[in-house]
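The values are calculated or read from the model by the stated rules, or taken from the named source; none is laboratory data. Treat the numbers as computed from the prediction; the structure is a model and nothing was measured. Heads up, the Cβs are rebuilt from the backbone with ideal geometry, glycines too, and the neighbour counts pull from every protein chain shown. Side chains are part of the model used for accessible areas, which takes the heavy atoms of the whole protein and leaves out ligands, DNA and RNA. Shrake-Rupley method; radii C 1.70, N 1.55, O 1.52, S 1.80 Å.
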Amino acid sequence: MSDRWYQKAVIYCADIDTFADSNGDGVGDIKGLIGRLDYLARLGITCLWLNPIHPTPDRDDGYDVADFYNVDPRFGNLGDFADLLHQARDRGIRVIIDLVVNHTSDQHPWFQSARSSPDSPYRDWYVWSDAEPEDRHQGMVFPGEQAETWSYDRTAKKWFYHRFYKFQPDLNINNPEVREEIKKICAFWLQLGVSGFRMDAVPFIVEQTEPGNPDSPKDMEFLSELRQYIQWRQGDAVLLAEANVEPEQLKEFFGDAGGSANRIHMLFDFMLNSRLMLSLARGNPEAIIDALRDTPKLPVGGQWATFLRNHDEVDLSRLTAEQRAEVFAEFGPDENMQLYGRGIRRRLATMLGNDRRRIELAYALQFSLRGTPVLRYGEELGMGEDLTQDGRNAIRTPMQWSLAANGGFSTAAADQLVRPVITGGDYGYERLNVTLQRHDTKSLLSWFERMIRTLKEAPEVGTGSCTHVDVPASTGLLVHRADGATGTVLFLHNLAPEAGEVDLGSLYPEADFPNDVLADQEYPEPGKLDKLTVGGYGYRWIRLCRKP
């Protein structure tokens, strides 16, 4: 892979605790994950993103960290983790981990010390207020589950700030010691061999919180500082960030006002994600076209990370209330399918009615759009969700490997599992698992393997430009192209149930024996591109030309 390896990567997001259990205690672990690396390699994964791996009281699925320098003992130990990194590299897979440094658990020794005495060396590592802040009830991330962002601590006799839950006190980024500690945490894991970090809640990390000021200033220079630090520690280390902010603010996270790409390497493209959902709900690509047109130009080296489903709810907060209602009606009509008034807590397969055509279409489209694709574990099988689980845990059920008990995830008794395996119906492990799909050349898993192999032969997607081809076309048809140093690939995706047609004869002078490299069915040869048809919910990837 190139120096900017992340531009050609295929990222796979997994929770260790729900992936594979090697010792039968009901919780997935590192050794279990190592045993499944060959599966990931065959799928075509080149980067494994692990959700929180640290010791934790586990009140927020690991995002309440109690020790940044260790591995949750349920998963194994640091020796096991070092072996994971070695085994993954042997298979051409890099590993990045969640960096959750906006806050700690309230059980972290730092916070326990900070609250115990005004003289504690950790007192100023957190954000305090003597008086009750006026904005105490503003800025909640989890409306309905969270009533405030400032809580009173009886031991400290002060109010402390927590952008998330009360048990997750925010660290004070204004404190130079905190900044140095975050760098030290990064250095520790880079030295072990990780290839970078997915930074959680970046807009809140850089927030210089002021009691009573709901619009506190942000210290973007800390991102430049952190980027420089990790780059000196490991030249090809990557920062992938979650920053669901207004479009005009996005460029600040990539680099400074001078246009340098000196902050975050990659950002999740939340705006494109919500527009994708809206277009899929409507069967019309206009929202995607708008997103591609409105995307800010990135500095050299900056990269988008595209996704359809991640470890959280589908976040529709960037849509208007009317647009959000459309997506809810199509993909999450029941109240228990929705979350925080802004999201949907379902897997994509169930949202699309388990319609294989639409599932293929959606992922073919995501993987063809500019940026680096991110795939959530189990999506390659078409896994479903368990709506009896609380909140986001609905889509955090164990991986379904086989017909064995518990879907092959664990040999523990069913009531000892970290979370129940989905059973029964179309999405239960009895009908949907890796083993059954491995033996079926027409399965969704087989399709994903083929699609990812094809993507790797089209580096223009990750490293080149992505442009909407603005020509008259059927209502549901999206036409775009990826151009790069290696050539041009043309993409046709039909979001409507009816067949579509488009005349791209104007592009024929650029063509050099154009041919379909991936399609939902056999189509006539592209010929002179003047009469290209695409079936309902169909897609065609056409290699327009290849440069030497």
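Points worth noting:
- Using θ = phi - 60° in the Karplus curve 6.51 cos²θ - 1.76 cosθ + 1.60, the 3J(HN,Hα) couplings for segment 436-442 round to 4, 6, 4, 8, 10, 5, 9 Hz; x is entered for Gly and Pro.
- Residues whose placed amide H lies under 5 Å from that of CYS13, excluding near-sequence neighbours: TRP49, LEU375, ARG376, TYR377
- Phi-based couplings in Hz for segment 38-51 (Karplus 6.51, -1.76, 1.60; Gly and Pro marked x): 5, 4, 5, 5, 5, 5, x, 6, 10, 8, 9, 9, 9, 5
- The residues of segment 1-78 expose, per residue, 32 Å² of accessible area to a 1.4 Å probe.
- Positive-pole candidate from ALA405, GLY428, MET451, dipole of segment 395-489, charges at beta carbon: ALA405
- Here the dipole of the chain is about 1360 debye; that uses its Cα centre as origin and unit charges on the Cβ of Lys and Arg (positive) and Asp and Glu (negative).
- Electrostatic dipole magnitude of segment 62-122 [Cβ: Lys, Arg +1; Asp, Glu -1; Cα centre; debye, to 20]: 200 debye
- Dividing the summed -39500 (n - 2.57) terms of all DSSP H runs of n ≥ 4 by the residue count of the chain sets its mean residue ellipticity at 222 nm at -7500 deg cm²/dmol.
- Amide H contacts under 5 Å for ALA243: PHE268, restricted to partners 5 or more places along the chain or on a different chain, H placed in the peptide plane at 1.01 Å from N.
- Along the axis of the charge dipole computed for segment 292-350 (Cβ charges of +1 for Lys and Arg, -1 for Asp and Glu, origin at the Cα centre), the listed residues VAL300, VAL327, VAL314 are led at the positive end by VAL300.
- Rounded to the nearest whole Hz, the Karplus-based 3J(HN,Hα) values (6.51 cos²θ - 1.76 cosθ + 1.60, θ = phi - 60°) of segment 15-26 follow the sequence 9, 4, 5, 10, 9, 7, 9, 8, 10, x, 8, x, with x at glycine and proline.
- Excluding same-chain neighbours fewer than eight residues apart, the lysines reachable from LYS528 by a Cα-Cα span under 29 Å are LYS456, LYS547.
- Sparse packing (at most 16 other Cβ atoms within 10 Å of the Cβ) combined with a DSSP loop state is found for the following trypsin sites (Lys or Arg not before Pro) in segment 261-307: LYS297.
- Solvent-accessible area, 1.4 Å probe, carbon plus sulfur percent, for the chain: 47 percent
- Centre-to-centre, using Cα atoms only, segment 67-109 and segment 186-221 are separated by 18 Å.
- Listed cross-link partners LYS442/LYS531; LYS218/LYS251; LYS8/LYS31 are compared with a 20 Å cut-off, the Cα-Cα value being larger for LYS442/LYS531; LYS8/LYS31.
- Share antiparallel - DSSP beta bridges, the chain, percent rounded to 5: 60 percent
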